[in-house]
1. Given a cut-off of under 8 Å on Cα pairs at least six residues apart, what relative contact order in percent is computed for chain B?
2. Sum up the charges of everything whose Cβ sits under 12 Å from the Cβ of B:Val418, counting Lys and Arg as +1 and Asp and Glu as -1, but leave B:Val418 out.
3. Shape of the stretch B:23-120 from its Cα gyration tensor (a ≥ b ≥ c, root eigenvalues): rounded if a/c is under 1.5, otherwise prolate when a/b > b/c, or oblate?
4. What are the extents of the Cα atoms of the protein assembly as shown along their three principal axes, in Å, largest first?
5. Taking only C-alpha pairs under 8 Å that are 6+ residues apart, what is the relative contact order of the stretch A:42-166 in percent?
6. What is the distance in Å between the Cα centres of the stretch A:84-103 and the stretch B:276-298?
7. Using the Cα centre of the stretch B:23-120 as origin and beta-carbon charges of +1 (Lys, Arg) and -1 (Asp, Glu), tell me which of B:Ser44, B:Ile117, B:Trp60 is placed farthest towards the positive end of the dipole.
8. Take every residue in peptide A:132-138, count the Cβ atoms of other chains within 10 Å of its Cβ, and give the average of those counts.
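FYI, it's all coordinate maths here, none of it is from the lab. Predicted, not measured: the structure shown is a model, and the values here were computed from it. Cβ atoms come from the backbone with ideal geometry, glycine included; neighbour counts cover every protein chain shown.
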Amino acid sequence: MLKILTKVIKTGVVTEKFERNADLERFGIEIKTLVDKQFAGSLSIRAVDVGSCNGCELEIHALNNPYYNIERFGVHFVASPRHADALLVTGVVSRHMETALLRVYEATPAPKFIIAMGDCAVNGGEFGVSYASCGAVGNVINVDVAIPRCPPPPLAVMQAILQFLKT
Amino acid sequence: MNRFDWLSELLARFQDEHILLYKGSAVVLAPAHTLNVDSEDWASCAAQTKKYRCRFSALWAQQLDDELQLNACYEKQGDYLVLRTKIPLDKPLIHSITPHYANADRPERHCHDMFGIEFKKQPDNRRWSRHKAWQANQYPLRKDFPVAGFNTGLTPPDNDYPFLSVQGSGVYEIPVGPVHAGIIEPGHFRFQAVGEMVLNLEQHLGYVHKGIEKIAEGRDAHRVVKLAARVSGDSCVSHAWASCLAMEKAALCQVPPRAVWLRALMAERERVANHLGDIGAIANDVAFGFFFYQFGRLRETWQRLSQALFGHRLMMDCLVLGGVTQDINQQQIDEILRQIKMLRKEWRELKTVFNENTSLEDRLETTGILSPDYAQRLGCVGYVGRASGQDFDVRRDLAYAPYNKLQVKSPCYNRGDVAARTLVRLNEIQSSLDLIEQICQNLPTGEIQTPWQTPKAGAEGLGFIDGWRGEIVVYVRFAEDNKIDRFFPRDPSWLTWPALEHLIRGNIVPDFPVCNKSVNGSYSGHDL
C-alpha cells in the first residue's frame, strides 16, 4: 500500500493544465460551460463501433486517460444508449451491424445527436461501400457532427464536440 | 543456409503413407517451403504433419480460373511449410483437416462461406463469416461475385445462428452483444451458466466483416498497404509490415537496411503501446484503478513521442512499399533513449506493485486457465501461447530481418492464467525496450525507401511478422498493372479467440471481462 501511495504522490496530477496544453484547457472549459447550460452539467455519450478497425476506439480510450480526463468537463461515456444524449459512431457501417446500429439509434432517447468519428464513419475511408459495407454512417442514420482523420486524435474529438455545442 | 532440418524426414513419412508430392519450391513463397499435393491426400497430409508435431498456422483459398486452390500453412521450429492443392470450381469438395487440427475449424468455415468449398467430415458445418448480408448460395470471394454484391435494402439481424444449447435445472443463458457496454468492438457471446459459474461460452463473430479480402482485389498495391494497416488498427504497423513483406517478396524488391530497422523500431513501439494500455485495462477489470491510470498515463506519453517521431500517434501509414515514410535523426534517437530510461524506472516500481498486491493476486491468479495442452492443441500464438508454455516467437524463431541481428528475449510461462498472460506482457515491454535500444544503437545508415517496381502478373508472396498479438501471416498474389489479385491477412486472433471459449469454463461470469481482456482478440482482424 505504501508503494502505491508513494507512486501516487510522486506522479502528482498529470491532467493537463492551461500552461501545459492551452488548447485542451480552452476547449475543455468551453465544453464545460456549454454542457452545464445545455445538458444540465452532464453530456452522456454512447460509443458504438459498427465496423471500425479499433483505431478510433484506442483514441476514445485516450480521452479518459489522466491527461485528457474528459469527465472533468462533464462529458462521460455510458454503457447503454438509453442513458445517452449522443452516439459516437466509429467505422463504416458493416452490413452485419446495420440493424444493430438502427436499434441503438432507436434506443437512444430524443433529443439526441450523432457524431461520426473517423474517416470511415465520415466518408467510408479505405473500405467504402461493398457487399459487406454500407459505407459512411450518414448512409444509414443522420449525422450531426463529422470528425475526419484516421483516427482523429483525442483533442480533435473534443474540439468537434465543442463546435457542435456552440452551434 | 538451410534451417529445414526436419523437412526430409516429413517427406519420407509422406512417402510411407503413399502421398504423392508434386513440384515443390523453396522460392515461390519463401521463407516457406511449398509442396503441391493431390486433393485426395489433403487430410492424410494433415494427419502426418500433426503426428510430426507441426503447428497449423493458416488456411486460405483462391480462385484460379475454373479451379480453387487451397493453401494450408504449417510451422515447426520457426520453419514454414505450405501445402497446396486444387479442386474444381464446379465440384469444390475436399476432406476437412479439422479432425486433425481443431483450430482449422473456423478458417475452413470461413473458406466455405467465402468460396463455397464443402469440407467433408468437418465436425461443425455451421456458417461462420456469413450472417445475412449475402445468401447461402452466394460466395463473395469467387470471381463472378461483384464487389457491390446483390444487396437491396436493409440487412436483417442475424437472429437464427444455431448456438449450442445447454439444458438442465438452474441453467440459464446470457446473450451479450454485438453492441457491448464498454468501448470495444462488436461481437456476440452466448453464455450458459449455473449461478455465477460459466458452463459454456460460444462466440459468434463476423459483425465487423467489411469485405477486406474482396475489396483488395483489383486495387493498386500501394492502396492495399493502407488497407492492410486498417485490418486491425491497434496492429497497423505489424499488419502493414507483413503485407509489405509479402508484396516486396513478390516484386523481388530489396528494402534498404535502414528502412527495415525503422520498421522494427515502429513495430516494437506499437507492441509497448498496446501492452501498456492493456495491462491498465486488465487491472481496471478487477477494479484496480491505480494501474489503469498509471499505465494509461505511460501509454499516452509513449503515443505522444510516436506522434513527434513519425507524425502519427499509432504510426499509421508510416510503412510503404519499398521502405518507410519517415526517417529519424540523432536528436530523436536521444529522445527515444531518454524516454526508455524513464519508462524502465516506472516499470520497476509498478512491477513491484504487481508482484506484491494481494488483490491483484486474488483476482488474476488461477483465473481463466488455459492449460499448455489445450494451448498446443489450439495452436495458440503470441502472449496467449507464451503464457501457456507455447514458446514460439516469429522474431526469434524465424529471425527475419532485422531480428537476425538482434537479441530477442521472449518470456514464457506455463501457468496459463490471467496473471501469466499479464506477466508475459509486462516482461515483453522490457524486452521490447531492450530491442529498441539495440535498434537505436545499431541503426544502419542510408536510404529509407527504394523505388517500387511493378511485379509481373501472377507473382505471389508470403509475409510473416510477429505482431504484438503474435504471428501475422499475409498472402498476396498480383494481377496486371500493380493490381492485387488476392490478399489474405491472417491475424493472430484467429488462433487465440477459440482459447477464450475454453479458458472461461468453470470461471465466474464477472471474471469474463478480465479473461477477455487478457486474451484481447481483434474483432476487426478476425472478421475481415
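1. Once normalised by length, the contact order is 17 percent.
2. Surrounding charge for B:Val418 is -2.
3. Taking the square roots of the gyration eigenvalues as a ≥ b ≥ c, the stretch B:23-120 is oblate.
4. 77, 57, 56
5. Answer for the stretch A:42-166 is 27 percent.
6. 28
7. B:Ser44
8. The per-residue average across the peptide is 5.
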